[in-house]
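Read through the structure below, which is laid out as structure tokens, and then see the notes.
The values are calculated or read from the model by the stated rules, or taken from the named source; none is laboratory data. Source: prediction; values computed, not measured. Quick reminder, even Gly has a Cβ in these numbers, built from the backbone with ideal geometry, and neighbours come from all protein chains shown.
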Amino acid sequence: MTTNAYDLIVAILSAIGLYDMILGFFQDIGAEYVLRIIIVLVVIAVVVVFVLLTVMFLSWLERKMFAVVQARYGPMVTGPRGLFQPIADGVKLLGKEDTIPAGADRWIFTLAPYIVFVSVLLVFIPLPFGKSLIVSDLKVGLLYIIAISAITPISILLAGWASNNKYSLIGAIRAVAQDISYTIPLAITAIAVVVFVGSLSMLDIVNAQSGYWFGIIPKWFIFLQPLGFILFLIACIAEMGRIPFDFQESEQELVAGFFTEYSGMKFAMFFLAEYAHLFAVSGIIVTIFLGGWNGPVIPLIPIELTSLVYFIIKTYAVILFTMWLRDTVPRVRIDQLLNLGWKIMIPLALLNLLVAAFVVTAGVI
Amino acid sequence: MNSAEELKYLLPASVISVGVQTNKPLAVIKKEDILQVAEKVKEMGFDNLSVITGVDREDRIEVIYNFFSYKKKQNLVLKAILDRTSPSIDSVVSFWKVADWLERETYDLVGIKFNGHPNLKRILLPEGWMGHPLRKDYDMSIEQFVTVGEDGEDIVSTDGSNLLRGE
Amino acid sequence: METETFLLNVGPVHPATHGVLRFKLRMDGETIRDCQIVVGYLHRGTEKLGEMKTYLQFIPYTDRLDYIAAMPNNYAYVRAVEELAGIEVPQRAEYIRVLVMELNRIINHLVMMGSLLLDLGGSTMIMYGFRERENALQLYESLCGARMTFNYIRPGGVREDLPDGFIPKLNEFIKDMEKRIVDYEELVNGNEIFLMRVKNIGVISAEEAINCGMTGPSMRGSGVDYDIRKEEPYSIYPDLDFKACMRREGDSLARYLVRLDEIRESMHILKQIVDAMPAGKNVNQKYGMAPNTGAPTAVTSYFPRIFTPPAGEVYCRIEAPKGELGFYVASDGTTKPYRVKIRSPSFCNLVALPKMVEGLKIADLIAVFGTIDIVLGDVDR
């Protein structure tokens, strides 16, 4: 019974019959731990490559969907239907001059975008892509995700501070204010789900949603906690800084975002991080509320594959919904945004938690 | 009687003559009494100041105010004759706020000074511009070069010295 | 807690402002305490040019004032010249003039609605608006060869008669527009976020609006029931049945809704014109009126080659899509005007802006500014 990707690789190698041979080879050298490190590195490499490919695809998808909603074509020239547009964008960004503004703190300025990107990548560790397709099933998976997401405001502040630009700093402070205001209802709503499951592990949350009621309705938490789902979705969109909460990137607002002074590869890092964050957050929403990789089992196809497909389908459904929202709705003013976060969402999230706790204690579910 | 005749009836000392501007009643007034006339005109119900025009005739400068009353649906045109060498007249900005920018524009392009205006600066041309273009004796052969300084304010010169920037 | 205000500069090059316009804002945190507007970046000396060109040569310059909707600019100047010289215009030409002007009103309001939503973040509306605008611009291209600077209305009539197939295409455009406007209402009017951004933002009372020289749809959004087309009608407006659109609240939402209503009224007017247009395409004349012949046709009366109107002054105002557009023309009996003064609606509408945004946040400045609907060619001339 495999529980994470490491074990899956071991199982695959054993099935082929190679595992014992390779293990014996390393044991002869007396360095068995090297094999473990290699397998872990392979797992991480697969995840990173998957994230990078997804990010490229998502940037194309965003532009295409934006165009289709607005009755135009979108990227069409580079590659079939414009599929190579992200590659063209990447090449363009690589070719730009990498400037560091005068008076900026060189080290922090250079490191900040990479800190953002790495902190987003770290979120992918406990994310269950499919049955036993998880890098590491942390016992405190959900808490870990929320904690790692808290690194993002720090790195934004670093980027804004290191730019030596009054407006970047103001932009960074506003972004952090937005981030913090919406992490609180996000965390409270996530706790309400944990109350149902009884464990912080992402795998346990997914397993708790397997099965059906009355044979038809899947046991997803969205049906048990509709208010929680809505609050979590709004909090995630606000945390990511997408429309309707994207005053940071609105060119129409005069205070430029915290990444004004960035160009070239560092700028690319911020955008890669944004799309990776989008995918990660959608994955978390799917795991917590939409049943994770659960779905009807198809005979003769390995369950690892079908679960991966279900997960991807559900994640893209959430992503497309976010993009649809972006195309349709105008943006919210910053003080209305903070009002919404502090005065409306936190009380509602607490109410949601209260009801969940009551329901569980009363033994209803 | 039309609105210009009514004005003459109410303020006979200030109105020099009454006529028409094609199809609108025109009253030529003394420039010193503009504030009194403005008050009376506002009382008569002319709440919309449409435009203030400055015209440079050969021997004088005229400033023409076009009014309209939304309630009574009447037009009124006031004309004041100003001295060409130093044209100046009191500002009516306290009665109609739109006069703020209209008078600034007239000052900018025709060169009429409006006494009592809170902020009589050039509005369409940059601050350091020389001359008033809509005067008939404006010399159009003089080139003036405009650039933007460090603080965002305009720098104007006639010899192009502000165009060269050291690197 | 003691805080200091700081000076913030918006523009002149900026994606939100509808041209080159500069705001000098005195800010207290997010709130605007004082707003100074710096204009003049697009000043091209149109009034001085008016004194150096003949009456007919000046008409293309009027196109460049409000370049989003250029026909009313043409018309206001031409009507001033016609009043000065006492030129009569044939009926069919009047109908054609009102037709193109009302179509201009529709496309102008589409741009305003689109740019307002674009500034607020919902970029879909401007794409839809420009899709409709494209159909109208193709109509104009078939009519006078230009999409933006028409140079179509001349003293005495219009330049050319309507081409074949214009009226059926216009009817198609109206039918299409009627469907789409329902789309726009559903997309925008009920959207909570849009309402949060524009409701009760930038309120101006009726007296202040009149005092500050605001005219047009922005003034009618504050409850002043005055439309020059109804109160001082010109051309064939006395024969047309329409109402002046008005709202009472005076906030940005009211100004937006007034323009939406005006699009409907303009379509109503267009339908009446298409039904009532007097017939008469002169089959002898291939080109309507060229300055070379000056001979009368079905769509223009006699216009001499060397045109010297009698000495005098005239001030003529019309209801342009943005407000009250007025031309003051003074003539001294020669072929060139003695003085041309343009009363542009955008210039005067801006006077009220500092009062409207005091106490609001920066994001609201963008929303209010979008509803006043100015274009810099009009402000700076």
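General observations
- Residues that are over 25 Å from A:ILE87 (Cα atoms), touching a residue at least 24 places away in the same chain (Cβ under 8 Å) and acidic (Asp, Glu) do not occur anywhere in segment A:14-36.
For (1) over 30 Å from C:ALA352 (Cβ atoms); (2) without any contact (Cβ under 8 Å) to a residue 24 or more places away in the chain; (3) in contact with a Ser or Thr (Cβ under 9 Å, 6 or more places away or on another chain), each residue gets a yes or a no:
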position: B:SER91; (1), (2), (3): no, no, no
position: B:TRP96; (1), (2), (3): no, no, no
position: B:ARG104; (1), (2), (3): no, yes, no
position: B:LEU124; (1), (2), (3): no, yes, no
position: B:MET130; (1), (2), (3): yes, no, yes
position: B:LYS136; (1), (2), (3): yes, no, no
position: B:LEU163; (1), (2), (3): yes, yes, yes
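- Members of segment C:186-218 found to be surrounded by fewer than 21 Cβ atoms within 10 Å (Cβ to Cβ) and either over 24 Å from B:VAL98 (Cα atoms) or more than 14 Å from chain B (Cβ to nearest Cβ) (or both), listed by number: C:GLU186, C:LEU187, C:ASN189, C:GLY190, C:ASN191, C:GLU192, C:ILE193, C:LEU195, C:MET196, C:LYS199, C:ASN200, C:VAL203
- Within segment A:89-105, the set of residues being surrounded by fewer than 14 Cβ atoms within 10 Å (Cβ to Cβ) and more than 29 Å from the chain's Cα centre (by Cα) comprises A:GLU97, A:THR99, A:ALA102, A:GLY103.
- Per this entry, C:ASP164 is not counted among residues that are surrounded by 14 or more Cβ atoms within 10 Å (Cβ to Cβ), acidic (Asp, Glu) and in a loop (DSSP other than H, G, I, E, B).
- Comparison of B:LEU109, B:LEU82 shows that the only residue that is farther than 25 Å from C:ILE204 by Cβ and in contact with a His (Cβ under 8 Å, 6 or more places away or on another chain) is B:LEU109.
- For segment C:356-367, the condition of being under 20 Å from the mean Cα position of the chain (by Cα), farther than 27 Å from C:PHE58 by Cβ and modelled with pLDDT under 90 holds for at least one residue.
- Options A:LEU354, A:LEU278, A:LEU348, A:LEU308: the member that is away from every other protein chain (no Cβ under 14 Å) and free of Cβ contacts under 8 Å to residues at least 12 places away in the same chain: A:LEU354
- Restricted to segment B:1-59, and to residues there that are more than 20 Å from the chain's Cα centre (by Cα) and acidic (Asp, Glu), the residue that is surrounded by the fewest Cβ atoms within 10 Å (Cβ to Cβ) is B:GLU43.
- For segment B:75-96, the candidate set comprises residues that are closer than 13 Å to B:ILE52 by Cβ and of a type in the set (A, V, I, L, M); within that set, the residue that is surrounded by the fewest Cβ atoms within 10 Å (Cβ to Cβ) is B:LEU82.
- Filter result for C:PRO291 (more than 19 Å from C:MET356 (Cα to Cα) and modelled with pLDDT of 85 or more): no
- When the residues of segment C:24-56 are filtered to those that are small (Gly, Ala, Ser) and closer than 19 Å to B:ASP137 by Cα, the one that is farthest from the other protein chains (Cβ to nearest Cβ) is C:GLY50.
- Residues located in segment B:6-45, provided they are in contact with an Asp or Glu (Cβ under 7 Å, 6 or more places away or on another chain), farther than 26 Å from C:GLU232 by Cβ and at pLDDT below 85: B:SER14
- Note on segment C:1-38: among residues that are farther than 16 Å from B:ASP151 by Cβ and in contact with an Asp or Glu (Cβ under 6 Å, 6 or more places away or on another chain), the one that is modelled with the lowest pLDDT is C:ALA16.
- One residue from A:ILE313, A:ILE285 being away from chain C (no Cβ under 14 Å), crowded, with 18+ Cβ neighbours inside 10 Å and modelled with pLDDT of 90 or more: A:ILE285
- All positions within segment A:316-345 that are of a type in the set (A, V, I, L, M), assigned to a helix (DSSP H, G or I) and within 14 Å of chain C (Cβ to nearest Cβ): A:MET323, A:LEU325, A:ILE334, A:LEU337, A:LEU338, A:LEU340, A:ILE344
- Criterion (at pLDDT below 80 and not in a loop (DSSP other than H, G, I, E, B)) met by exactly one of A:SER168, A:SER119, A:SER181: A:SER168
- Selection within segment C:309-361 - crowded, with 22+ Cβ neighbours inside 10 Å, away from chain B (no Cβ under 13 Å) and under 30 Å from A:ASP335 (Cβ atoms): C:VAL357
- Any hit, segment C:168-177, residues being in a helix (DSSP H, G or I), within 14 Å of another protein chain (Cβ to nearest Cβ) and either in contact with a Lys or Arg (Cβ under 9 Å, 6 or more places away or on another chain) or surrounded by fewer than 13 Cβ atoms within 10 Å (Cβ to Cβ) (or both): no
- Qualifying residue in segment C:219-242 (condition: among the acidic types (Asp, Glu), surrounded by 18 or more Cβ atoms within 10 Å (Cβ to Cβ), within 14 Å of chain B (Cβ to nearest Cβ) and part of a loop (DSSP other than H, G, I, E, B)): yes
- Tally, over segment A:66-80, of residues that are surrounded by fewer than 12 Cβ atoms within 10 Å (Cβ to Cβ), aliphatic (A, V, I, L, M) and away from chain C (no Cβ under 14 Å): 1
- Within segment C:80-123, considering residues that are basic (Lys, Arg) and crowded, with 24+ Cβ neighbours inside 10 Å, the one nearest to A:ASP246 (Cα to Cα): C:ARG105
- Any hit, segment C:21-37, residues being among the hydroxyl-bearing types (Ser, Thr, Tyr) and under 25 Å from C:ARG105 (Cβ atoms): no
- Looking at segment B:5-124, the strands (runs of 3 or more DSSP E) lying wholly inside it that each contain 3 or more residues that are within 10 Å of another protein chain (Cβ to nearest Cβ) sit at B:48-56, B:61-69, B:74-82.
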